[in-house]
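Working notes, structure below.
What follows is calculated from the coordinates using simple rules that are stated; it is not laboratory data. These numbers come from a predicted model, not from an experiment. In this analysis, Cβ positions are derived from the backbone assuming ideal geometry, glycine residues included, and neighbour counts consider all displayed protein chains.
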Amino acid sequence: MVQLTINNIKVNAEAGMTILDAAKSVGISIPTLCHLKNLFPSGACRICSVEVEGMRGLIPSCAYPVNEGMVVETNTPRVRSARKTIVELLVENHPQDCLICVRNKNCELQNLSEQYGLREHRYSGESKEHAIDVSSASMERDPAKCILCGRCVRVCHEVQHIGAIDFTNRGFNTIVTTPYNKGLNISDCILCGQCILVCPTAALREKSALKDVANALKNKNKYTIVQVAPAVRATLGEEYNMPLGTDVTGQMVTGLRRLGFKKVFDTNFSADLTIMEEATELIHRIQNGGSLPMFTSCCPGWVKYAEHNRPEILPHISTCKSPHEMEGAVLKTYYAKKMGLKPEDIYVVSVMPCTVKKYESARGELAEQTMADVDAVITTRELVRFFKMAGIDFDDLPQDSFDNPLGESTGAAAIFGTSGGVMEAALRTAYFKISGKELDNLDLEAVRGLDNVKEASIDINGLTVNIAVVNGIGNVGPILDDVAAGKSKYHFIEVMTCPGRCINGGGQPIHQKQDKVVKRMKALYQIDANMKLRKSHDNESVKTLYKEFFIEPNSHKAHEILHTEYFDRK
Amino acid sequence: MHNHIFEKYPAKDKSQLIPLLQDVQAIYGYLPELALQEIADYVGLPLSRVYGVATFYNQFRLTPLGENIIRVCRGTACHVKNSANILYALESALKIKAGETTRDRKFTIEIVACIGACSIAPVMTVNDDYHGRLTVKDVPTILKKYQTTTKPKASAEPEVKLA
């Protein structure tokens, strides 16, 4: 332990801790911009500068370790003036269009401008002009709004291990962009949107589909149906200042009805359906010598990654469509027939925690004949904007429940939004399918939590099934190397692009609050624990769907409608 | 054409990036896009990072050089002697900006901070030849001379011409 003084407060800090963290531990907040927790300090922006007795210049507190007897001042006129100048310079080279900006009122630059009392433009000079990159189906990059903090670059390189964007050129001409400025669409980007979550401004944002959805809702010939992903209900409340991990399923359903959707269905239904298909596929592969290990396929970011980087892995990926695509496909076939609707009149909107799903829904093969399974995808953030625009006062909404039959779900589906969830849900069903018995303990703790790679072995009637859960695409490399070399001991591997999975997806509310992933995760496990039915094969509506339409999992018809194919895009 | 260069360097060693870029540029006179991708794969870095490094340093070029390289001095003495106008005259005549190459690949214009020939300011070099005490009127004549040469002159003794 090291003892130091910060603003006349005695602080005991662990050796190696930064001044920033030591200050935070006693309730002193120091502003940061380039700093990202858990990554090596960057020290680029200097907004965290503090005075340290005996040192000449200002010290970047995010990068400087504490020393015994150190005397730190975080709030002197010199410090405030330096920070203010930094903010002023950033603001002057930033578009002055806060009023019409998607990050208005949720922008770190705006907050700093307010915090340091900017009231006039003291500097003027050349400001940069850059075109907006709208090349991808999911995301937009607006380099004019970029303050070059580098957080997106670091998340892309150091957390996700993708490296689609980086600093390019030098000095005033520096810009964060893709190689040759060709746009995200032809870069290595998998559109996961983790960069959006760390961007302090609106330089990175989703490509909004709200206009399309609003147009469909006012079109009298369209039968608009909305479905909501498991992870959205656990985060939506954050946008209304509710505590992290508040489950707002009931209000959300009411809100969606008030927006004018004819039916409000739950992607959890098709998550159960996915489990039926995927567990059956796994058993089939194990019993018939198919490509093993089998990888999950519900994460389109992972699928895109494999198609671009590791096409040799593609035969190992389950052919199941992702749950919201299955829901769309069932809506435009089974449900349309049952309700006497023309499939082409049905307009399916998915509310997803994800930016990649926008790209996924536009994939040509995810369609029934020429109709896309899902017509539009909006993120959690876009849904909140839609609610606000429609005058829906979320806090006071009564509770409602999903429509049936495509709204019924089990606890197994609820945990799809969190790392290890698909694995746990699939094993609950696979265990039953192979052994004919139910698992004694449905909580498979080994696959829960935020470790990079989680593994377990499960004994099912003498058959040992080795499984792994990869939490974050940045951790998948070694596992893929093993599979490609034929040395993998696993039978089933869950891979999810975002760290923590969909609860921390690129379409989720943007803030840097502590423990957000853990608390959101808890909310989903709580929903599961509260459910009467917790295994996908117990879902009555799913059973009916098989009885009336698909006959059995992996049937010919199921293959046609619920399964898909992948392409080498290297 | 550049594969033999890779052999000199250990694979997946990102500290070798800059020497590799230098060696590949020495072959082509610039860094072709395909070579950049190969270098990225070889050193084990994303293309974005390699591209970032290649655009950060002035020594690296991403476009081929012209047959004739015009370097316009924009140092203090030349600036005082109106070198901005010389540059402008060149850019207008060749219809390119400094740093670019004409479509016929005859000329590349570069800006130099100081050529070290202040006594004959304003000055520019074409390949190894020095052209000093320039006026805007001299530009077309000089360009015409090099327009007809097919290859850059490789003389041991650089020529100094005063307008």
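Highest mean packing first, where packing is the average number of other Cβ atoms within 10 Å per residue, the peptides A:233-246, A:164-177 line up as A:233-246, A:164-177. For the protein assembly as shown, a crude dipole built from +1 on the beta carbon of Lys and Arg and -1 on the beta carbon of Asp and Glu, taken about the Cα centre, is about 1980 debye to the nearest 20. Straight-line cross-link partners of A:Lys218 among the aspartates and glutamates, defined as a Cα under 17 Å from its Cα and at least 8 positions apart when in the same chain: A:Glu344, A:Asp345, A:Asp375. Once each part is reduced to its C-alpha centroid, what is the distance from segment A:301-369 to segment B:90-120 in angstrom? Spelled out, the Cα-based centre of one part sits 54 Å from the other. Estimated at 0.36 nm per residue, the fully extended path between A:Lys37 and A:Asn7 surpasses their Cα-Cα distance by 8.5 nm.
Check cross-link reach from B:Lys144 to the aspartates and glutamates: straight Cα distance under 19 Å, and skip same-chain residues fewer than eight apart. Partners found: B:Glu67, B:Glu91, B:Glu100, B:Asp104, B:Glu110, B:Asp128, B:Asp129, B:Glu159.
Backbone phi angles across segment A:158-168, fed through the Karplus curve with coefficients 6.51, -1.76 and 1.60 (θ = phi - 60°), yield HN-Hα couplings of 8, 9, 8, 6, 9, x, 7, 10, 7, 5, 10 Hz in residue order; Gly and Pro are listed as x. Compute the distance from the alpha-carbon center of segment A:2-44 to that of segment A:494-531, in whole Å. The distance from the Cα centre of segment A:2-44 to that of segment A:494-531 comes to 27 Å. Think of chain B as a dipole: +1 on every Lys or Arg Cβ, -1 on every Asp or Glu Cβ, centred on the Cα centre; then among B:Pro32, B:His4, B:Cys114, B:Cys114 lies furthest on the positive end.
Projecting the Cα positions of A:Gln399, A:Thr379, A:Met389 onto the charge dipole of segment A:319-405 (unit charges on Cβ atoms of Lys, Arg, Asp and Glu, taken about the Cα centre) puts A:Thr379 furthest along the positive direction. Spin-label pair B:Val112-A:Ser435: with each label point 7 Å from Cα along the Cα-Cβ axis, the two points sit 8.1 nm from one another. Counting only DSSP beta bridges whose two residues both lie in the protein assembly as shown, roughly 50 percent are antiparallel.
Note on segment A:114-189: Kirkwood hydrodynamic radius from all Cα pairs is 14.0 Å, rounded to one decimal. Placing pseudo-labels 7 Å out from each Cα toward the beta carbon at A:Ala362 and A:Ala485 gives an inter-label distance of 3.9 nm. Pairs from the list A:Lys321/A:Lys437; A:Lys37/A:Lys182; A:Lys128/A:Lys207; A:Lys304/A:Lys570 with a Cα-Cα gap above 19 Å: A:Lys321/A:Lys437; A:Lys37/A:Lys182; A:Lys128/A:Lys207. Amide H contacts for A:Ile317 (H built 1.01 Å from N in the peptide plane; partners 5 or more residues away or on another chain; cut-off under 5 Å): A:Phe295.
For the pair A:Glu68 and A:Phe172, a Förster radius of 35 Å applied to the C-beta separation gives a FRET efficiency near 0.25, rounded to the nearest 0.05. Based on the convex hull around the alpha carbon atoms, segment A:211-562 presents an average projected area of 16.6 nm².
Our analysis of segment A:138-290 gives Rg over Rh at 1.07, with the two radii drawn from alpha carbon positions and Rh computed by the Kirkwood formula.
A:Ile162 sits among other residues whose Cβ lies under 12 Å from its own Cβ, and their net charge, with Lys and Arg +1 and Asp and Glu -1, is 0. Each of A:Val351, B:Val136, A:Val422 was scored by other Cβ atoms within 10 Å of its Cβ. Arranged with the fewest first, they read B:Val136, A:Val351, A:Val422.
Using the average count of surrounding beta-carbon atoms within 10 Å as a protection proxy, the listed peptides A:77-88, A:221-232, A:316-327 rank, highest first, as A:316-327, A:221-232, A:77-88. As an exercise, use a Förster radius of 56 Å and the Cβ-Cβ distance of B:Leu65 and A:Glu312 to find the FRET efficiency, rounded to the nearest 0.05. After rounding, the FRET efficiency stands at 0.90. Extent of segment A:1-150 along its three principal axes (Cα atoms, max minus min coordinate, largest first): 52, 36, 25 Å. Annotation: Cα Rg of the protein assembly as shown relative to the compact-globule expectation 2.2 N^0.38 Å equals 1.12.
Helices in chain B, meaning DSSP H runs of at least 4 residues, each add -39500 (n - 2.57). Divided by all residues, the mean residue ellipticity at 222 nm is -11500 deg cm²/dmol.
Protection proxy ranking for A:102-108, A:52-58, using the average of other Cβ atoms within 10 Å per residue and placing the highest first: A:102-108, A:52-58. Based on DSSP H segments of at least four residues, each scored -39500 (n - 2.57), chain A has a per-residue ellipticity at 222 nm of -8500 deg cm²/dmol.
For segment B:68-162, a simple Cβ point-charge model (Lys and Arg +1, Asp and Glu -1, everything else neutral) yields a dipole of about 260 debye relative to the Cα centre.
Here the calculated FRET efficiency for A:Asn404 and A:Gln514, from their Cβ-Cβ distance with R0 = 51 Å, stands at 0.85, rounded to the nearest 0.05. Projecting the Cα positions of A:His563, A:Cys502, A:Ser136 onto the charge dipole of chain A (unit charges on Cβ atoms of Lys, Arg, Asp and Glu, taken about the Cα centre) puts A:Ser136 furthest along the positive direction. Partner shielding of A:159-172 amounts to 4, given as the average count of beta-carbon atoms from other chains within 10 Å of each residue beta-carbon.
Other protein chain C-beta atoms within 10 Å of residue C-beta, averaged over B:42-51: 6. As a proxy for reagent exposure, ranking B:His131, B:His79 by other Cβ atoms within 10 Å from fewest up yields B:His79, B:His131.
For the residue pairs A:Lys263/A:Lys547; A:Lys489/A:Lys543; A:Lys84/A:Lys145; A:Lys220/A:Lys358, the alpha carbons lie more than 28 Å apart in A:Lys489/A:Lys543. Here the label points at B:Tyr57 and A:Asn466, each 7 Å from Cα along the C-beta direction, are separated by 4.5 nm in the simple model.
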